[in-house]
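Okay, structure first, notes after.
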Amino acid sequence: MKKLIIILVFISSVIYSQKIGDIIEEKPQVIFPTNSWGIDIMIGEGGFGLGTFFRKAFTQNFYGFVDFSISESKDEREIQYWDYWGNVYTFGKKNRVFLMPVNFGIQYRLFSNDLTESLRPFVCVGAGPHFILTTPYDKEFFNSFGYAQMKYAVGGYIGFGANFGSSTSTLVGLTFKYFYLHVLGDGVENLYNKFRKNISHFYLTLNLGLMY
């Protein structure tokens, strides 16, 4: 009798555990669309910037992308002053400098088997041609573009970041990037007689986009 009771308890526990297993099913894996497009809002050492990107998935973890951005680049030796009336000026500044890089690169998703779909960290690297626009500092901001000059550079960046949320239609992410570029020719002249041929900046980038 005692053995029969033990056997019945064992069988009932097995049946109960199977029912629990049937009720609590594993959440299916989220399948994200292969294409995404959006904008980048950039905050960095050199100033603020805006950009756009297109990204395409080759596999679950590998992506290819192209991006373009416009951001101001300040010389680290620039010092801003405020006068009595609140006007801001930089002593010895000759040009405003704007970076306009076009980068082609790859992005690799990290820990895809260990983390939930709502947190998708990645590393990325990109490179390509950089266009540099300079405008005279002694001219009013918008009028100065009538005196703009174009210079060229080559460079790229490395970065790491993460995308957030499990939505399959919207993309939200943060990326920390280190840009480095080499200016062709004499370099750029933010300050009088101080040319920069090698430019580097860190940027914190907010990525907002659509997936389709």
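The values are calculated or read from the model by the stated rules, or taken from the named source; none is laboratory data. Treat the numbers as computed from the prediction; the structure is a model and nothing was measured. Note: ideal-geometry Cβ built from the backbone for every residue, glycine included; neighbour counts use all protein chains shown.
Within the set of pairs 6+ apart or on separate chains, which have a first residue in the range 27-47 that is closer than 20 Å to Leu174 by Cβ and modelled with pLDDT under 80, a second that is in a loop (DSSP other than H, G, I, E, B) and of a type outside the set (A, V, I, L, M), and C-beta atoms under 8 Å apart?
Final answer for the pair search is Val30/Glu117; Val30/Ser166; Val30/Thr168; Gly46/Ser73; Gly46/Lys74.
Within the range 35-48, identify whether any single residue is out of contact with any strand residue (DSSP E or B) (no Cβ under 8 Å at 6 or more places or on another chain), among the acidic types (Asp, Glu) and either more than 25 Å from Ser200 (Cβ to Cβ) or in a loop (DSSP other than H, G, I, E, B) (or both), and answer yes or no.
There is no residue in the range 35-48 that is out of contact with any strand residue (DSSP E or B) (no Cβ under 8 Å at 6 or more places or on another chain), among the acidic types (Asp, Glu) and either more than 25 Å from Ser200 (Cβ to Cβ) or in a loop (DSSP other than H, G, I, E, B) (or both).
Inside the range 111-127, can you point out the residues that are under 21 Å from Phe202 (Cβ atoms) and either in contact with a Ser or Thr (Cβ under 7 Å, 6 or more places away or on another chain) or touching a residue at least 40 places away in the same chain (Cβ under 8 Å) (or both)?
Matches in the range 111-127: Pro121, Phe122, Cys124, Gly126.
What number of residues within the range 178-193 satisfy the criterion of being part of a strand (DSSP E or B) and without any contact (Cβ under 8 Å) to a residue 40 or more places away in the chain?
3
Conditions: (1) modelled with pLDDT of 95 or more; (2) part of a loop (DSSP other than H, G, I, E, B). Lys151 meets all but one. Number of the miss?
Of everything listed in (1) modelled with pLDDT of 95 or more; (2) part of a loop (DSSP other than H, G, I, E, B), Lys151 misses just condition (2).
Identify the residue in the range 113-138 that is surrounded by 14 or more Cβ atoms within 10 Å (Cβ to Cβ) and part of a loop (DSSP other than H, G, I, E, B) and, among all such residues, is farthest from the chain's Cα centre (by Cα).
Tyr137
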